[in-house]
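The values are calculated or read from the model by the stated rules, or taken from the named source; none is laboratory data. Worth saying up front: this structure is predicted, and the values here are computed from it rather than measured. Positions of Cβ are backbone-derived with ideal geometry, glycine not excepted, and every protein chain shown enters the neighbour counts. Please note that ligands, DNA and RNA were not included when accessible areas were found on the heavy atoms of the full protein model with its side chains. Shrake-Rupley method; radii C 1.70, N 1.55, O 1.52, S 1.80 Å.
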Amino acid sequence: TILSVPLMRDDAMLGVIGIRRLEVQPFSEKQIALVQTFADQAVIAIENVRLFNELQSKNAALTDALNQQTATAEILRSMSSSLTDVQPVFDTIVKSGLRLLDGYSATLTLLKADVLELAAFTSTGDEGDSSITHLFPVALHTMAPAAECVASRRPVVVEDIEQAAGVSEGFRETIRARGWRSALFVPMIRNDVVLGILSVTRRAAGPFAPGETALLETFADQAVIAIENVRLFNETKEALERQTATSEILKVIASSPSEVQPVFDSIVRSAIRLLNGVSGGVCISDGVQAEMVAAALAEGEDRTLRFRSDYPAALDYKAPAVQAIRENRVINVPEIAKGDYAQAVLQRARDHYRSAVAIPMHRGDKAIGSISVTRREPGLFPAHHVELLQTFADQAVIAIENVRLFNETKEALERQTATAEILKVISSSPASVQPVFDAILEQALRLCQASFGYAYTSDGNAFDLTAQRGLEGDLLQTVTAAYSQTRIAAPSTALGRVRSTRRPVHIADAREEEAYKSKDPRRVATVEKAGARTMLAVPLLKNDAVIGAVIIYRREVRLFDAKQIALLQTFADQAVIAIENVRLFNETKEALERQTATAEILRVISSTPTDAQPVFEAIVESALRIFDGSGVYVSLIEGSRLHLVAAGGSHLLEVARRDYPMPITRES
């Protein structure tokens, strides 16, 4: 006899309870009812297990999400506290990747000229750590998975390194010592350029889930952000260091009107420090031979300055410092030992340095000396180092000229002091160009004996009046009003000619200028109201593009001399430095503000896992701070209506509160 009772849930059959007797004996109604009760209880048990598993799955997903957000917040905190050093960020990233992907090891490498360099890794024990540190730096093409990741610019999963194709046996031996079988490689990309690779390994063979790949890509993106932050910060810091060094040298020039030696000594010390050099020197030539007039070693170097014994040297002497004078050009030597130089130079290079750069010092078209710096590392000196050394060379020439023309020292020092004061303003105003333009006009009017002047910025076509000096009251209002009528400078005007020629424009008499005769409103106001006659305009040039101009005027017909034109161009160059500084500063500041705001919100998320309201309020607070003057609203859909859950900042806030809750319609 057989009894079968179904397991039913919502008219769906889940299973059967079956009972069999070996004899013919029907089951009673009570027995059948009892088995039915058992079937119902089995269904309850099945449902309980299903609900429990669903809850467990949701809890696991929530835990994973919170863990990811917490890891992201930790990385962002590392970024905000490590503005000059990317290493703490890299260390945090590999630890977070290892933890959240349940990995065995994690590694972050940087790609430089097809060579992978180890930047951060997690420990797997002494043997594994020794194997990986001895492996790097390593050529990219010898590491098949990494090479594929770089070539494709996409994540690469190695499910089993023992079965992977194209892996060299030497690399496989390193992997065995490290102790992993499967791995996920993710590229770190900026502007379509691979900067490095972030990888996580596991001891067992097998695939990685898509969500794990996406998470590691997020960490790779954060590593790129950290690299970019440090680069921007260091560029800004380096620019300020250069300007400070330039200012210090100018101060030395100002304090040594009759002696050039302190200037040379200051230049050599600054050049070695800012170019990361090991030694440096200044040579002066009389056209027949070269004399080493200043030399120094990097801080901490205790060897003697043996290279000074080579001087005075004939101009055919085979050394970079003399070659720069002889050939009247920049000498940038990536590997001294491979060049055609004197035996004494080659011997010192083998002992103390590998590369060198020498910049000629010019008076007119003639080289009267050189400044040189050596470095331990091989390779060309970068362009910005060459430009900085050229600035020092120019300053050395200024110092020489000051001593030679002592009767003109007072005038020259006034100009240099003005330049130094402008550089101080640049250093003290990293976020605003206005004080720099004000200082430039003030110094230009004083040193060039001008009556008034204007400073402009330009987007390449139109000009905006940014600063002025020398006009006041009704006169200022009249001229300013005339300039506000149009931002586009006509080709016949001084600004138009500066824009087209990218050179200084010197006008003897503004009344004879075509712009005045054609009744250009700005020129008429400047000439008839302000009394302008002789004028000098110089461009602000960045990468050969006109980004502004400085114009000064005299109320009498009297041409500006060559020194005054050069001085105004120097001031214009300093204005360009100031504009660039402000741009770099604001970019760095804005990036840090955004990352800090993101980190703050993520901290709120991780600290309030059961309540979204603090997160909404944190978002409103961060958005108000970043988008100054805005109104910020967070609203949620409930049914067919929109409910306001957080808001702030706008004067329309009370009106907005009255509008909520609002129906969701096409009109809203």
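Data overview
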item: All positions within the range 560-573 that are open to solvent by less than 20 Å² (accessible area, probe 1.4 Å) and in a helix (DSSP H, G or I); result: 564, 567, 568, 571, 572
item: Some residue of the range 420-435 being more than 35 Å from the chain's Cα centre (by Cα), acidic (Asp, Glu) and either at pLDDT 90 or above or part of a helix (DSSP H, G or I) (or both); result: no
item: Top-ranked residue of the range 495-533 - restricted to ones that are touching an Asp or Glu at 6+ places or on another chain (Cβ under 8 Å) and among the basic types (Lys, Arg), ranked as least open to solvent (accessible area, probe 1.4 Å); result: 523
item: Residue within the range 455-464 that is at pLDDT below 85, open to solvent by 10 Å² or more (accessible area, probe 1.4 Å), touching a strand residue (DSSP E or B) at 6+ places or on another chain (Cβ under 8 Å) and among the hydroxyl-bearing types (Ser, Thr, Tyr) present; result: no
item: Lone qualifier among 96, 131 - being of a type in the set (Gly, Ala, Ser) and closer than 19 Å to residue 223 by Cα; result: 96
item: Cβ pairs under 8 Å, 6+ apart, first in the range 89-108 and free of Cβ contacts under 8 Å to residues at least 24 places away in the same chain, second open to solvent by 10 Å² or more (accessible area, probe 1.4 Å) and among the charged types (D, E, K, R); result: 92/74
item: Which numbered condition residue 608 misses (of (1) within 28 Å of the chain's Cα centre (by Cα); (2) open to solvent by less than 50 Å² (accessible area, probe 1.4 Å)); result: (1)
item: Count - residues of the range 131-145 that are within 21 Å of residue 93 (Cα to Cα) and surrounded by fewer than 18 Cβ atoms within 10 Å (Cβ to Cβ); result: 3
item: Conditions (1) hydroxyl-bearing (Ser, Thr, Tyr); (2) modelled with pLDDT under 90; (3) closer than 16 Å to residue 264 by Cα: number failed by residue 370; result: (2)
item: Among residues of the range 373-382, those that are out of contact with any Lys or Arg (no Cβ under 9 Å at 6 or more places or on another chain) and open to solvent by 70 Å² or more (accessible area, probe 1.4 Å), counted; result: 1
item: One residue from 557, 576 being touching a Lys or Arg at 6+ places or on another chain (Cβ under 6 Å), among the β-branched types (Val, Ile, Thr) and not in a helix (DSSP H, G or I); result: 557
item: Flag for residue 132 being in a helix (DSSP H, G or I), among the aliphatic types (A, V, I, L, M) and either free of Cβ contacts under 8 Å to residues at least 24 places away in the same chain or in contact with a strand residue (DSSP E or B) (Cβ under 9 Å, 6 or more places away or on another chain) (or both); result: yes
item: Qualifying positions in the range 513-572 - hydroxyl-bearing (Ser, Thr, Tyr) and either at pLDDT 90 or above or closer than 20 Å to residue 503 by Cβ (or both); result: 534, 553, 570
item: Residue pairs meeting the criteria (Cβ under 7 Å; at least 6 apart or on separate chains; first in contact (Cβ under 8 Å) with a residue 12 or more places away in the chain, in the range 541-565; second in a loop (DSSP other than H, G, I, E, B) and open to solvent by 70 Å² or more (accessible area, probe 1.4 Å)); result: 541/502; 544/502; 546/502
item: Candidate set from the range 586-602 (those that are farther than 15 Å from residue 624 by Cβ and acidic (Asp, Glu)); member that is surrounded by the fewest Cβ atoms within 10 Å (Cβ to Cβ); result: 590
item: Inter-residue pairs, beta-carbon under 6 Å, first farther than 16 Å from residue 326 by Cβ and in the range 342-367, second open to solvent by less than 10 Å² (accessible area, probe 1.4 Å) and assigned to a loop (DSSP other than H, G, I, E, B), 6+ apart; result: 353/278
item: Options 414, 387, 401, 408: the member that is surrounded by fewer than 17 Cβ atoms within 10 Å (Cβ to Cβ), in a helix (DSSP H, G or I) and at pLDDT 85 or above; result: 387
item: All strands (runs of 3 or more DSSP E) inside the range 138-235 with 1 or more residues being within 30 Å of residue 596 (Cα to Cα); result: 182-190, 193-202
item: Condition met for residue 616 (of a type in the set (Phe, Trp, Tyr) and over 30 Å from residue 451 (Cβ atoms)); result: yes
item: Every pair of residues 6+ apart whose Cβ atoms lie under 9 Å, when the first sits in the range 20-35 and is under 15 Å from residue 2 (Cβ atoms) while the second is part of a helix (DSSP H, G or I) and open to solvent by less than 100 Å² (accessible area, probe 1.4 Å); result: 27/35
item: Residues satisfying the stated conditions in the range 270-322, i.e. in contact with a Lys or Arg (Cβ under 7 Å, 6 or more places away or on another chain), open to solvent by 40 Å² or more (accessible area, probe 1.4 Å) and part of a helix (DSSP H, G or I); result: 306
item: Subset of the range 323-363 that is part of a helix (DSSP H, G or I), β-branched (Val, Ile, Thr) and in contact with a Ser or Thr (Cβ under 7 Å, 6 or more places away or on another chain) - its residue that is modelled with the lowest pLDDT; result: 336
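A quick yes/no check of all residues on (1) within 28 Å of residue 209 (Cβ to Cβ); (2) hydrophobic (A, V, I, L, M, F, W, C); (3) at pLDDT below 85:
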site: 115; (1), (2), (3): no, yes, no
site: 118; (1), (2), (3): yes, yes, no
site: 121; (1), (2), (3): yes, yes, no
site: 128; (1), (2), (3): yes, no, yes
site: 149; (1), (2), (3): yes, yes, no
site: 159; (1), (2), (3): yes, no, no
site: 164; (1), (2), (3): yes, yes, yes
